[in-house]
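Before any comments, here is the structure.
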Amino acid sequence: MSNFNNLLLEDTKYILNLPYHLAAGGMADDLCELLTEFEFVLHKVSTLDPQQLIEDYELTASFNISLSEETKSCLQLLKEAICLAAHVLSEDATQLAGQLLGRLLKFSNSPNIQQLLKSAQQYQDTPWLRQLTAS
């Protein structure tokens with residue numbers, strides 16, 4: 001979360017609304033990159049509720065953005081993981097790394113998910129129990 005620690009209010013609002021603007025502009029690659037970046041996902045969940053992040057993943061269908069099947073599958077898996085963890089994350093956003101690892105380790109054949117999980121494993125803002133196998 002280090003990239004988001006010292007943002008001005010205007011910058012925070014811009015970053016939190018960036019997925020919408022990328023989707024509206026048809027910038028599929030940038031949108032996918034943003035939605036698979038652990039620091040962005042953590043910042044969004046920490047600042048707003050998980051439902052706002054889930055809606056970001058749904059933008060790809062709303063704007064009929066052209067994505068490869070692999071990318072669509074990756075974003076769908078992430079959305080489902082956030083949906084399943086929403087009740088936990090709404091209480092404590094610092095549980096994001098553990099929730100993602102537990103739910104997505106078995107899907108680590110996707111390069112985007114691998115990168116997200118690698119970043120999640122390096123999360124050190126608060127102590128947490130890191131899962132070694134999927135649950």
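Please work out the ratio of the alpha-carbon Rg of the chain to 2.2 N^0.38 Å and round it to two decimals. Walk me through the numbers before you get to the answer.
On the way: Rg = 14.1 Å, N = 135, 2.2 N^0.38 = 14.2 Å.
Scaled against compact globular proteins, the figure is 0.99.
Any aspartates and glutamates with Cα under 19 Å of the residue 106 Cα? List them, leaving off those in the same chain fewer than 8 positions away.
37, 69, 70, 80
Set Lys and Arg Cβ to +1 and Asp and Glu Cβ to -1, take the dipole of the chain about its Cα centre, and tell me which of 32, 17, 64 lies farthest positive.
So the residue we want is 32.
Take the solvent-accessible surface of the protein heavy atoms, probe 1.4 Å, and return the percent of it on the chain that carbon and sulfur atoms account for. Mind showing how you got there, number by number?
Working: 3640 of 7610 Å².
Heavy-atom surface of the chain belonging to carbon and sulfur, 1.4 Å probe: 48 percent.
Determine the relative contact order of segment 36-115: mean sequence separation of Cα pairs under 8 Å and six or more apart, normalised by residue count, in whole percent.
39 percent.
Which value in nm describes the separation of the simple spin-label points at residue 24 and residue 76, placed 7 Å from the Cα toward the beta carbon?
2.8
Relative contact order for the chain using alpha-carbon pairs under 8 Å, separation at least 6, rounded to a whole percent? Intermediate results must be reported in sequence, preceding the final value.
On the way: 131 pairs, mean separation 32.3, N = 135.
Once normalised by length, the contact order is 24 percent.
Per residue, how much accessible area does the chain have with a 1.4 Å probe, in Å²?
Values: 7610 Å² over 135 residues.
Per-residue value: 56 Å².
So for the pair residue 105, residue 54, with labels modelled 7 Å out along Cα→Cβ, what separation do we get in nm?
It is 2.5 nm.
Spin-label point model (7 Å from Cα, Cβ direction): what's the residue 12 to residue 92 distance in nm?
2.3
Using a Gaussian network for the chain with springs between C-alpha atoms less than 10 Å apart, which of these wobbles most: 119, 68, 90?
68
Please turn the phi angles of segment 78-91 into ³J(HN,Hα) values with the Karplus equation 6.51 cos²θ - 1.76 cosθ + 1.60 (θ = phi - 60°), one per residue in order, whole Hz, x for glycine and proline.
For segment 78-91, the Karplus curve yields 5, 4, 5, 5, 5, 4, 5, 9, 3, 5, 6, 5, 5, 8 Hz.
The values are calculated or read from the model by the stated rules, or taken from the named source; none is laboratory data. From a predicted model like this one, the values you see are computed outputs, not experimental measurements. Note: ideal-geometry Cβ built from the backbone for every residue, glycine included; neighbour counts use all protein chains shown. The area values use the complete protein model at the heavy-atom level, side chains included, leaving out ligands, DNA and RNA. Shrake-Rupley method; radii C 1.70, N 1.55, O 1.52, S 1.80 Å.
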